[in-house]
1. From the list VAL289, VAL381, VAL322, which one is more than 29 Å from LEU24 (Cβ to Cβ), surrounded by 18 or more Cβ atoms within 10 Å (Cβ to Cβ) and at pLDDT 95 or above?
2. Counting just the residues of the stretch 256-267 that are open to solvent by 40 Å² or more (accessible area, probe 1.4 Å) and in contact (Cβ under 8 Å) with a residue 60 or more places away in the chain, which one comes out nearest to the chain's Cα centre (by Cα)?
3. Given GLU202, GLU238, GLU196, which one is within 30 Å of PHE401 (Cβ to Cβ) and in a helix (DSSP H, G or I)?
4. Looking at the stretch 324-337 only, could you name the residues that are aliphatic (A, V, I, L, M) and assigned to a loop (DSSP other than H, G, I, E, B)?
5. Restricting attention to strands (runs of 3 or more DSSP E) lying wholly within the stretch 87-169, give those where 3 or more residues are closer than 21 Å to ASP214 by Cβ and touching a Gly at 6+ places or on another chain (Cβ under 7 Å).
6. Can you run down the residue pairs with Cβ atoms below 6 Å, 6 or more apart or on separate chains, where the first is in the stretch 284-295 and over 15 Å from VAL99 (Cβ atoms) and in contact (Cβ under 8 Å) with a residue 24 or more places away in the chain and the partner is surrounded by fewer than 24 Cβ atoms within 10 Å (Cβ to Cβ) and among the charged types (D, E, K, R)?
7. Is it fair to say ALA284 is assigned to a helix (DSSP H, G or I), open to solvent by less than 50 Å² (accessible area, probe 1.4 Å) and aliphatic (A, V, I, L, M)?
8. Looking at (1) in contact with a Gly (Cβ under 9 Å, 6 or more places away or on another chain); (2) open to solvent by less than 60 Å² (accessible area, probe 1.4 Å), which is the one condition that is false for GLU202?
Amino acid sequence: MSRMVQARRLEGVEKNIWVEFVKLAATYKTVNLGQGFPNFPPPDFVREALVEAVGGENTLLHQYTREFGHPRLVAILARFFGKLLGRDLDPLKNVMVTVGAYEALFCCFQALVDDGDEVIIIEPYFDCYEPMVKMAGGTSVFIPLQLNAAEGGKLNSSRDWQLNPAELAAKFTKRTKAIVLNSPNNPLGKVFSRKEMELIAELCVRHDVLCFSDEVYEWLVYDGNKHIRMASLPGMWERTVTIGSAGKTFSATGWKVGWTIGPDHLLKHLRTIHQNSVYHCATAAQEAVACGLEKEFERFGKPESYFAQLPQRLQRKRDFLVQSLLAVGMKPIIPEGSYFVVADLSEFKDELPDEPDSEEPYDYRFTKWMIKNKGLTAIPVSAFFSPPQKKNFDHLIRFCFAKEDSTLEAADSILQQWSRETQGQ
């Protein structure tokens, strides 16, 4: 008889919503507004840089480069984020390149969270945070954002979801090792205000707590809102690891180039995890991202900057999708940033009645029904909440608007037809 294999730190985290819903979307050949990636191309100057890296005369770009980041890429990351943070960054000590932001997060948890440590996670949260805490031996401590409903029939904004300061302060204990901040937030699109950021920062400093600041949507902020970088606040540089993504920055999620930025006394531990797991990231992709960042550094703050043009383009797409959702009777929550609109489907209980005894949250069942019967894919928002909170937020689904206009128009056609069918009943 073979020995029973027990993977204690993997218990309860083996299921993954993306695996399930990507398969469903492919099986039913839907209009896919589910998974968060653009189906429009990266900007020409970045694609041309990749073509040159792969097809040019520098054959070393096909080989291993520096394990903690291609020299050209860490150099421009240090220059760019040094300017944004107002400090001199050492490209060899304050920057590490990773296989996407996912690996950056994994390195943070594996390197800096130990058995018995508590990690504060703000709900809703990107779904990988909780299993990564568990795999590191830590314990997740959750605090939900609270919705202050808009008055007078107005649509809610992501800014209406706010932290309760007293409740947040109560989550910090002597066992707290870190807090995870995601701004702009996935799935809500909330851009945390300076006041909210300063509250978190003050608590981190008071309790000597680290911050893992997931800022992959940093350039995707709308309606004149401003992204505040946690590491720029007083007392936070020395305790913050900032996580970024070329995939979100240049609309090239499949290239899987991400990075961490922070003080050497923290990043040296991330480097240990990286060198003993992934070790190295694709050289040609790093070269192309470096070229793209060099161009954006030159035109930073100018109208021709891709970082200025992309949010304008995405805001128009957001507004189009919001109107489509309103037409069918869903109530969208207007996001201040990110790729996503969350919509309230409470009015659709007649389409698919709730089953109080079902173990599967209502939004899961509704989304699967919508995929199979309407040909439209979204993601259930209860997947972004802890188990005790899932039933409280199973009336929300998430749509991605970072898509070609033709894709959004196809989704609009489905929603318009759905609306006509509903009115004809």
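1. Details: VAL381 fails: more than 29 Å from LEU24 (Cβ to Cβ); VAL322 fails: more than 29 Å from LEU24 (Cβ to Cβ).
Just a single option satisfies the conditions, and that option is VAL289.
2. To start, the set of residues in the stretch 256-267 that are open to solvent by 40 Å² or more (accessible area, probe 1.4 Å) comprises 256, 264-265.
Then drop every residue that is not in contact (Cβ under 8 Å) with a residue 60 or more places away in the chain, which leaves 256, 264.
Working: LYS256: 14, ASP264: 25 Å.
Residue satisfying both the conditions and the ranking: LYS256.
3. Working: GLU202 fails: within 30 Å of PHE401 (Cβ to Cβ); GLU238 fails: within 30 Å of PHE401 (Cβ to Cβ).
Selected residue: GLU196, the only one of GLU202, GLU238, GLU196 that is within 30 Å of PHE401 (Cβ to Cβ) and in a helix (DSSP H, G or I).
4. First pass over the stretch 324-337, keeping only residues aliphatic (A, V, I, L, M): 325-328, 330, 333-334.
Residue satisfying the conditions is MET330 alone.
5. Values: elements: 95-98, 118-123, 139-144.
The strands (runs of 3 or more DSSP E) meeting that bar are 95-98.
6. ALA290/ARG72
7. Details: assigned to a helix (DSSP H, G or I): yes; open to solvent by less than 50 Å² (accessible area, probe 1.4 Å): yes; aliphatic (A, V, I, L, M): yes.
So ALA284 fits the description; yes.
8. Against the list (1) in contact with a Gly (Cβ under 9 Å, 6 or more places away or on another chain); (2) open to solvent by less than 60 Å² (accessible area, probe 1.4 Å), GLU202 comes up short only on (2).
The values are calculated or read from the model by the stated rules, or taken from the named source; none is laboratory data. All figures in this text were calculated on a predicted structure; none of them were measured in a lab. Counting neighbours? That spans all protein chains shown, and the Cβs are built from the backbone with ideal geometry, glycine included. Note: accessible area is taken over every heavy atom of the protein model, side chains too, but ligands, DNA and RNA are not part of it. Shrake-Rupley method; radii C 1.70, N 1.55, O 1.52, S 1.80 Å.
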